[in-house]
Amino acid sequence: VTQTYQYAYLMRQLHAEVHRAKRYEHPICVLKVMVDQLDSINFQHGFDAGDKVLRTIADLIQASVRQSDVVGRYRTNEFLVLM
């Protein structure tokens, strides 16, 4: 739906980035983006509308991060950005 990485890939990348940060003593940043009221949108307007909201938010996040950052779907209404 969102054209972002799925949970399993995201967790592998997070694990690798944490180890890399420790090894080279570099900082790591993880941004969690939570979509409020997604259940309400799904209930009132249908799941297609909820999917459109998620795609729009994913597109906005992707357009706002560096190419080296990793954007993925963490939970139903949450994204993580590994920087």
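Odds and ends about this structure:
- Just the protein heavy atoms count here, and of the accessible area of the chain at 1.4 Å, carbon and sulfur take up 52 percent.
- Solvent exposure of the chain as accessible area per residue, Å², 1.4 Å probe: 73 Å²
- Size of charge dipole - the chain - debye, nearest 20, with Cβ of Lys, Arg +1 and Asp, Glu -1, no other charges: 380 debye
- Placing a label point 7 Å from the Cα of Thr56 along the Cα-to-Cβ direction, the residues of region 1-27 whose backbone N falls under 16 Å of that point are 2.
- Most positive-pole-ward Cα, Val33, Gln62, His15, against dipole of the chain from beta carbon charges: His15
- Full extension of the chain between Tyr24 and His45 yields a length gain of 2.8 nm, computed as 0.36 nm times the residue separation minus the alpha carbon distance.
- When the alpha-carbon atoms of the chain are used, the pair Rg, Dmax equals 14.2, 49 angstrom.
- Subtracting the Cα-Cα distance of Ala16 and Ala63 from 0.36 nm times their residue separation leaves 14.6 nm of extension gain.
- Rounded D (µm²/s) - region 25-66, Kirkwood Rh over Cα pairs, Stokes-Einstein at 10 °C, 1.306 mPa s: 133 µm²/s
The values are calculated or read from the model by the stated rules, or taken from the named source; none is laboratory data. Keep in mind it's a predicted model, so treat the numbers as computed, not measured. No Cβ is skipped: glycine too gets one built from the backbone with ideal geometry, and neighbour counts run over all protein chains shown. SASA here: full protein model, heavy atoms, side chains in, ligands and nucleic acids out. Shrake-Rupley method; radii C 1.70, N 1.55, O 1.52, S 1.80 Å.
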